[in-house]
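Asks: First, the structure itself, so that you have it in front of you.
The values are calculated or read from the model by the stated rules, or taken from the named source; none is laboratory data. Just so we're clear, the structure is a prediction, and the values are computed from it rather than from any experiment. Glycine gets a Cβ as well: all are built from the backbone with ideal geometry, and neighbour counts include every protein chain shown.
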Amino acid sequence: MALEICAAYCTVVIWGVITMRKLSLCVLALVAQALVAQTQTIPSGTSVSVRLGQTISSDKARSGDTWAGTLRQDVVVDGRMVARRGDPVRGRVVDAKASGRLSGTALLALQLTSINGAPVTTSTVSRKGGSHKGRDAGAIGGTAAAGAIIGALAGGGKGAAIGAGAGAGVGTAGAAATGKKDIRIPVETILTFRVR
């Protein structure tokens, strides 16, 4: 009798383990299918506008950093809403380069990586800083010319040369002190990405 009860109990336990494994596999398959279906709901070419949830600047951001925001407007595909305005979005900094004082152009490139937790692949939105060349050359050349004029008035030809050198030095120092041209994308900025 005890042997029969033990055999019946073992059968129920084995049946329960097999049933739980099958159930676990079914649930796992359904979750995987839902994730695949969710990533396919926004077709390639669809524009997605987002509102940044934080300020991103080229002098502080690093490649690989993440950022957060919200959808600016509903995403509708074939008359069906696949994401609502205000849904959370996430992205990453693809490239970030700080501006140098006298050379080096700032760069900031962002991609959207998920909408409502569902992964997406999008285009890159990039911003590039201004060049230093024209402004710095003008500042250095202008102060050199002013120095040469003052030097010529004060000490003739030799004074003009000394004044030009001093003026160029002052211009270079001024350009270095005020020359950084980093990019700053403020919180609440609207960016538009295209799904690939």
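Asks: Would you mind stating whether A68 is without any contact (Cβ under 8 Å) to a residue 24 or more places away in the chain, at negative phi and within 10 Å of the chain's Cα centre (by Cα)?
Replies: Yes; evaluated as a whole, the condition is true for this residue.
Asks: Inspect the range 64-77 for any residue being farther than 17 Å from V48 by Cβ and modelled with pLDDT under 95 and give the result as yes or no.
Replies: No.
Asks: Would you be able to tell me the number of residues in the range 75-90 that are under 21 Å from T124 (Cα atoms) and β-branched (V, I, T)?
Replies: Total meeting the criteria: 2.
Asks: Still on this model: Looking only at the range 45-72, filter to residues that are among the basic types (K, R) and in a loop (DSSP other than H, G, I, E, B); which one of those is nearest to P119 (Cα to Cα)?
Replies: R72
Asks: Right, next: Can you name the residue in the range 75-90 that is small (G, A, S) and surrounded by fewer than 13 Cβ atoms within 10 Å (Cβ to Cβ) and is also nearest to the chain's Cα centre (by Cα) among such residues?
Replies: Among them, the one singled out is G86.
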